[in-house]
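Here is the structure we will look at.
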Amino acid sequence: MLRLIIFLSSITVCGQVMSSSFWLYGTVTRTLVDTNSWGECMAKIVPGPHTVQPACGVEWVTFSCSGDFNTKARGHSKLESAQLAMVTGKPIAIWVDETKKHNGYCFGRRVDVLKE
């Protein structure tokens with residue numbers, strides 16, 4: 001019985017741990033390519049990641065085209081997906097990691113362009 005209580009208590013504690021990643025759903029309104037800052041490429045998402053996680057910068061997500069958090073090619077592929085969403089007017093879903101940042105802006109691990 002004591003083991004059961006300890007086990008159930010541990011599940012409760014583990015369930016209360018805050019996640020450092022989250023899904024962000026929105027619309028891409030701008031993209032940015034730079035040579036030195038912000039991980040070299042970003043997308044402006046409305047509503048922005050700060051609406052879910054205040055520790056993230058306002059409205060922008062970095063894809064780390066600099067190669068710091070993924071390969072440069074992977075970063076550019078995510079940027080291209082964001083550009084596709086922007087020009088077609090499709091919504092986007094981004095898996096955001098708030099533990100990895102460029103200049104205070106959170107890193108987008110995954111990009112999904114949605115049908116509607």
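All of the numbers you see were taken from the coordinates with simple rules; none came from a lab. No experiment lies behind these values; they were computed from the predicted model shown. As a convention, Cβ positions derive from the backbone with ideal geometry for all residues, glycine included, and neighbour counts pool all protein chains shown.
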For this session: Mind checking which lysines have their Cα closer than 18 Å to the Cα of residue 100? Skip sequence neighbours fewer than 8 apart in that chain.
Result: 44, 72, 78
For this session: Would you work out which of 56, 45, 92 lies farthest towards the positive end of the dipole of the range 28-116, given +1 charges on the beta-carbon of Lys and Arg and -1 on that of Asp and Glu, about the Cα centre?
Result: 92
For this session: First select every other residue whose beta carbon is under 9 angstrom from the beta carbon of residue 21; then total the charges, Lys and Arg +1, Asp and Glu -1.
Result: -1
Seminar exercise, completed: Contour minus Cα-Cα span, residue 113 to residue 51, at 0.36 nm per residue, comes to 20.3 nm
Exercise. Of all trypsin sites (Lys or Arg not before Pro) in the range 32-116, which ones are in loop regions per DSSP and have a Cβ with at most 15 other Cβ atoms within 10 Å?
Worked result: 115
Exercise. Which aspartates and glutamates does residue 90 reach when only Cα atoms under 15 Å apart count, and residues fewer than 8 places away in its own chain are ignored?
Worked result: 80, 112, 116
For this session: Could you tell me what % of all Cα pairs in the range 20-113 have separations over 19 Å?
Result: 26
Exercise. Given labels modelled 7 Å from the Cα in the Cβ direction, how far is it in nm from residue 58 to residue 36?
Worked result: 2.4
